[in-house]
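Please read the structure below before turning to the comments.
The values are calculated or read from the model by the stated rules, or taken from the named source; none is laboratory data. The model shown is predicted, which means the values in this text are computed figures rather than measured ones. Every residue, glycine as well, gets a Cβ built from its backbone with ideal geometry; the counts of neighbours run over all protein chains shown.
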Amino acid sequence: MSDPFPRMIVMPHAAAAPTLYAPALSASPSPASSPVPRAADSDRRRTSASVVLRSVLEHGPVARSNIARVTGLSPASVTDYCARFTGLGLLREAEPPRRAKGTGRPHVPLDLDDSRFVVGGVHVAVPYTTVALLDLRGRVVEERRLKHGTTDPAPVLARAAGELRALLDAAPDCRPLAVGFAAGGWVDRETGTVVEHPLLGWREVPVREILGALTGLPVHVDGHARALVGAEQLFGRARGSRSVLQLFVGNMVDAAFATNDEVHHGPRSQAGAIAHLPLPGGTEPCACGRTGCLQAELSERTLCRRARAAGVIDGSNPMRVLEAAAGGDAVAAGLLVERARLVGRAVELLLDVLNPETVTVTEIGIIGREDCLAALRETVGPDRAAAVGPTSFPDSVLAVAGGAVALDVLYRDPLGALARLDRVSAEAG
């Protein structure tokens with residue numbers, strides 16, 4: 001996927017990075033003793049810690065009493081978790097609200113401390129790698145784009161780790177919690193492996209192992225569509241939605257679906273592989289031997305080939321098509337609008353099968369042009385148009401995809417994430 005609003009710097013080739021050192025943290029005090037440790041106790045603590053931290057993310061600055069009301073936890077439990085998170089640097093006390101004289105002691109609200117910790121984000125696309133630092137609110141702090149000299153995984157990942165090290169060296173007050181990695185294709189979250197990315201030529205690449213060795217940090221790996229579903233639920237317009245569909249349309253075409261705050265992965269994380277779903281009326285031949293597969297019809301390679309044939313561009317950068325349309329080229333605009341209509345037909349198919357409450361689409365024309373967004377919504381029809389919109393992260397969607405993989409782990413199990421950093425740091429040190 002090309003970034004529709006590029007702000008990044010293309011960096012020269014860099015050598016492999018030395019190990020990044022992260023200072024050890026004490027994750028939490030020992031929980032109350034139990035005669036027989038049970039898995040349910042651990043699950044309950046993890047869930048309670050998660051809902052407390054997410055309630056502060058969503059409602060902060062917020063008083064502890066309101067956290068208890070929102071989460072349904074006891075005031076004592078909320079106080080305990082808030083004390084732990086404050087001690088670890090995830091939360092801070094905010095200024096209490098002004099109260100009328102004589103109305104009692106004000107409650108001191110809590111908010112995220114987004115000034116101390118960052119996560120690294122790495123997204124590998126077909127033409128380049130995006131490396132970024134994100135704060136705890138999912139905002140991009142720093143971002144770089146590294147154009148591929150080769151797509152061999154070893155130098156691509158080594159160069160990404162080196163650039164990540166440079167970003168952290170330039171931000172000495174930021175403490176790295178973890179690294180998130182995202183890419184298209186078949187990505188297995190559990191093993192931390194890119195199983196297959198046909199356009200990069202990657203097969204069974206142990207990304208978590210490689211980046212972990214290069215950075216000395218916990219590394220979490222997932223597909224970019226699933227990463228963006230998580231980001232939309234944590235930080236974007238899908239917050240509070242009971243079901244969310246993300247459609248990613250770049251050089252790769254992928255989808256992800258979440259219900260009740262859980263992203264569906266399927267066996268070996270193969271869910272969302274829609275590249276070869278047939279698009280009714282499609283005419284593009286696909287490498288699989290069929291005609292009209294979604295990826296063959298919608299990919300940026302197809303857009304650029306059609307733009308070259310129409311005399312709009314002479315290269316293979318889809319951003320040039322967007323720029324031509326912005327400059328008044330009616331043919332370029334027509335190509336983008338027609339592509340948006342095809343994306344709308346793909347969304348129609350997925351809406352019929354999954355019936356999500358919210359649909360977010362990552363595609364350069366739909367992100368950047370009102371006529372493309374209108375064409376998308378017109379295609380899906382008036383009854384469902386309001387549920388469909390562009391990504392919440394138009395300026396930095398690829399950076400957010402990488403970092404969101406790590407942030408999703410943090411918000412699902414904050415104490416476990418900090419304990420994992422503690423262990424990895426101790427092993428590296």
Checked R301, R237, R290, R242 against criteria (of a type in the set (K, R) and farther than 24 Å from D352 by Cβ); the one match is R301
Looking at E232, E190, which is the one that is more than 15 Å from the chain's Cα centre (by Cα) and modelled with pLDDT of 95 or more? E190
Residue list for segment 341-391, restricted to those being more than 17 Å from F257 (Cβ to Cβ) and polar (S, T, N, Q): T379
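If you check H264 against the conditions, is it of a type outside the set (A, V, I, L, M, F, W, C) and assigned by TED's automatic domain parsing to the domain that holds V207?
No.
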What about A171, is it of a type in the set (A, V, I, L, M, F, W, C) and buried (at least 20 other Cβ atoms within 10 Å of the Cβ)? no
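Please find, among L228, L200, L234, L217, the residue that is of a type outside the set (G, A, S) and either closer than 18 Å to G162 by Cβ or without any contact (Cβ under 8 Å) to a residue 24 or more places away in the chain (or both).
L217
Just to verify a result, which residue in segment 250-280, among those that are at positive phi and in contact (Cβ under 8 Å) with a residue 60 or more places away in the chain, is surrounded by the most Cβ atoms within 10 Å (Cβ to Cβ)?
First, the residues of segment 250-280 that are at positive phi: 260-261, 266, 268-269, 272.
If we keep only those that are in contact (Cβ under 8 Å) with a residue 60 or more places away in the chain as well, we get 268-269.
On the way: R268: 14, S269: 22.
Filtering first and then ranking leaves S269.
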Taking first residues from segment 359-383 that are in the same structural domain as R345 (by TED's automatic domain parsing) and second residues anywhere that are basic (K, R) and part of a helix (DSSP H, G or I), the pairs with Cβ under 8 Å that are 6 or more apart or on different chains are E363/R339; G365/R339; C372/R339; A375/R341; L376/R341; E378/R341; T379/R341; T379/R345
Please name all residue pairs, on different chains or six or more residues apart, with Cβ atoms under 9 Å, provided the first residue is in segment 162-177 and is closer than 14 Å to L217 by Cβ and the second residue is aromatic (F, W, Y). C174/F117; R175/F117; P176/F117; L177/F117
Out of (1) free of Cβ contacts under 8 Å to residues at least 40 places away in the same chain; (2) at positive phi, the odd one out for G185 is which? (1)
If I filter segment 303-314 down to residues being in a helix (DSSP H, G or I) and not hydrophobic (A, V, I, L, M, F, W, C), which single residue comes out as surrounded by the most Cβ atoms within 10 Å (Cβ to Cβ)? R306
Picked from segment 360-407 (must be farther than 30 Å from D188 by Cα, of a type outside the set (A, V, I, L, M, F, W, C) and crowded, with 18+ Cβ neighbours inside 10 Å), the residue modelled with the lowest pLDDT is G368
Over 28 Å from the mean Cα position of the chain (by Cα), surrounded by fewer than 18 Cβ atoms within 10 Å (Cβ to Cβ) and modelled with pLDDT of 95 or more, is that true of A100? no
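Quick one: is S42 part of a helix (DSSP H, G or I), among the polar types (S, T, N, Q) and at pLDDT 95 or above?
So S42 does not fit the description; no.
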Every listed condition ((1) farther than 23 Å from L350 by Cα; (2) in contact with a helix residue (DSSP H, G or I) (Cβ under 6 Å, 6 or more places away or on another chain)) holds for A227 save (1)
Can you spot a residue in segment 244-258 that is modelled with pLDDT of 95 or more, out of contact with any helix residue (DSSP H, G or I) (no Cβ under 7 Å at 6 or more places or on another chain) and more than 25 Å from S316 (Cα to Cα)? no
Counted residues in segment 315-354 being surrounded by 14 or more Cβ atoms within 10 Å (Cβ to Cβ) and either in a loop (DSSP other than H, G, I, E, B) or of a type in the set (G, A, S) (or both) come to 11
Quick count over segment 208-227, residues being surrounded by fewer than 24 Cβ atoms within 10 Å (Cβ to Cβ) and aliphatic (A, V, I, L, M), is 3
Quick count over segment 238-254, residues being farther than 13 Å from G223 by Cα, in contact with a strand residue (DSSP E or B) (Cβ under 8 Å, 6 or more places away or on another chain) and not aliphatic (A, V, I, L, M), is 4
Just to be sure before I move on: is A419 surrounded by fewer than 22 Cβ atoms within 10 Å (Cβ to Cβ), modelled with pLDDT under 95 and either farther than 27 Å from R139 by Cβ or over 20 Å from the mean Cα position of the chain (by Cα) (or both) in the structure I sent? yes
